[in-house]
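Undergrad: The structure's right below; bear with me while I get my questions together.
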Amino acid sequence: MKLDKHNVIVCILLLYTALLFYWMFFGFGRQDQTEYRYNLQLFSTIDLFIRSKSLRKYHFVINILGNIGVFIPFGLLLPGCFKGSIVKATVVLLSGLLLLEFLQLVCKRGTFDVDDIILNTTGFIIGYILEKLIRWFWQHHLATAK
């Protein structure tokens, strides 16, 4: 296998995806549940964490910011697997998110939550924008400084 940028990106993404699956099914004290849990109402979980005065602040950080943050690497790297095609990367991301949420539901190891899909996609978009900004900065400032 030739070690080039594309292969490195694919390897990093595969390792990160494996870590993410561990987190989503076994990490953070996840345990088997006795019932199927799901939320199909847009923004209800997000609203709960934003408006609730009784929940601790770290619940907000873990749920809202965590669901965004853990998907930033996908936005940074996934388009590179498809020669910069944001459309293909987005289709793969959304397919993976639906699979992840569905597996959490049927395995009773989490909740199928449409708000998670929104937050995860937001993280992906932030990562994609960051990658474009980093690339632009590199090309216009660091590369010309040589």
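Undergrad: Please list the non-local residues whose amide H lies under 5 Å from the amide H of ARG37, H modeled 1.01 Å from N, same-chain partners needing a gap of 5 or more.
TA: Here PHE112 satisfy the definition.
Undergrad: Which one of VAL91, VAL114, VAL70 has the biggest mean-square fluctuation once the chain is modelled by GNM with Cα springs under 10 Å?
TA: Its mean-square fluctuation being the largest, the pick is VAL91.
Undergrad: On a 0 to 90° scale, report how tilted helix 72-81 is relative to the longest principal axis of the chain, with both axes built from alpha carbons and the result rounded to the nearest 10.
TA: Value to nearest ten degrees: 50.
Undergrad: Does anyone have the angle between helix 86-106 and the longest principal axis of the chain? Alpha-carbon axes, 0 to 90°, nearest 10?
TA: That works out to roughly 30 degrees.
Undergrad: Could I ask something else about it? In deg cm²/dmol and to the nearest 500, what is the mean residue ellipticity at 222 nm of the chain if only DSSP H runs of at least 4 residues count, each as -39500 (n - 2.57), divided by the residue total?
TA: The helix-only estimate for the chain comes to -20000 deg cm²/dmol at 222 nm.
Undergrad: Relative contact order for segment 60-146: what percent, with Cα pairs under 8 Å and sequence separation of 6 or more?
TA: Taking the mean separation of contacting Cα pairs over the length of segment 60-146, I get 45 percent.
Bear in mind these aren't lab numbers, they're just calculated from the coordinates by the rules spelled out. No experiment lies behind these values; they were computed from the predicted model shown.
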